[in-house]
Amino acid sequence: PNSQPQQQQQQQPPPEKQPPRDLFGALRAHFSAGAGRLKETFNELDRDRDGKLTPDELREFVSRAVPDVTPRELRHFEVLTDSDGDGAVTLAELRESLRGSQRAHKAARARAAGSAGTA
């Protein structure tokens, strides 16, 4: 008999079970890399000039940074960004969501660095 344990192959969960990618991080990287300015891009895509991006406009906005964004990821992003729940995203909501995501990311890195130093 073989005394070595058989290695089980790790299978990726189906796409609907995988956590969404960090679209906030992708957008921050996209705009900080000089791919355009957030406000100008927002205004360009706000076709009816009401100061809000509809779900279709938001999809196009996110697709500029993440061309292969999935509907599930986009919906997750929309829910997190639309803080007043009106079904559209204002520039202020988008900026605050990006800032909040960045603060959370920095805090997580600081915690990880702190726990790495105590291990």
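What follows draws every value from the coordinates through simple rules; no lab data is involved. Quick caveat: nothing in here was measured; it's all calculated off a predicted structure. Cβ placement follows ideal geometry from the backbone for every residue including glycine, while neighbour counts extend to all protein chains displayed.
At what distance in nm do the modelled label points of residue 32 and residue 60 sit from each other, each positioned 7 Å from its Cα along Cα→Cβ?
In this crude spin-label approximation the distance works out to 2.8 nm.
Full extension from residue 80 to residue 103: what is 0.36 nm times the residue separation minus their Cα-Cα distance, to one decimal in nm?
Result: 6.8 nm gained on full extension.
How far apart, in nm, are the 7 Å Cα→Cβ label points at residue 95 and residue 113?
Distance between the two pseudo-spin positions: 2.7 nm.
Each residue of region 89-103 in order: what ³J(HN,Hα) in whole Hz does its phi give by Karplus 6.51 cos²θ - 1.76 cosθ + 1.60, θ = phi - 60°, with x for Gly and Pro?
10, 8, 4, 4, 5, 5, 4, 5, 5, 5, 5, x, 5, 5, 4
For region 41-119, rounded, prolate or oblate, judged on the Cα gyration tensor with a ≥ b ≥ c (square roots of eigenvalues), a/c < 1.5 rounded, else prolate if a/b > b/c?
Prolate is the answer for region 41-119, as a/c is 1.5 or above and a/b outweighs b/c.
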